[in-house]
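We did not get these values from a lab; they are worked out from the coordinates using the rules stated. Note that this is a predicted model, so its numbers are computed, not measured. Note: ideal-geometry Cβ built from the backbone for every residue, glycine included; neighbour counts use all protein chains shown.
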Amino acid sequence: MNIYLEEIAKAIVDMDEDNIIPLIDKALEAKVLPEEIYNDGLSKGMLDVTKLFENKEYFVSEVIVCADTLN
């Protein structure tokens, strides 16, 4: 997986909304396809959040904040 996609997914999990847009911009500049950014970055991050929630490591409030970073 592309390093930018990994960083985007991690930013979602870390609730780091300030860095999502700059990371997406860097990925686009590096010629990463928008579909890849969505599928392997943003969606992957939320999938990781779901796993953390299922394992009771994240609460509903944290899931909501992570989802809000997508907006």
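The table below gives the values:
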read-out	value
Answer from Leu28, Leu47, Leu52, Leu33 - the residue that is aliphatic (A, V, I, L, M) and touching a Phe, Trp or Tyr at 6+ places or on another chain (Cβ under 6 Å)	Leu52
Cβ pairs under 9 Å, 6+ apart, first in the range 48-67 and without any contact (Cβ under 8 Å) to a residue 12 or more places away in the chain, second of a type in the set (Val, Ile, Thr)	Phe53/Val60; Phe53/Val63; Tyr58/Val13; Tyr58/Val49; Tyr58/Thr50
Members of the range 12-58 that are over 14 Å from the mean Cα position of the chain (by Cα), aliphatic (A, V, I, L, M) and either surrounded by 17 or more Cβ atoms within 10 Å (Cβ to Cβ) or assigned to a helix (DSSP H, G or I) (or both)	Leu28, Val32
Residue, nearest to Lys44 (Cα to Cα), within the range 8-26, restricted to residues that are free of Cβ contacts under 8 Å to residues at least 24 places away in the same chain and among the acidic types (Asp, Glu)	Asp14
Ser61, sole failed condition from (1) surrounded by 15 or more Cβ atoms within 10 Å (Cβ to Cβ); (2) assigned to a helix (DSSP H, G or I); (3) hydroxyl-bearing (Ser, Thr, Tyr)	(1)
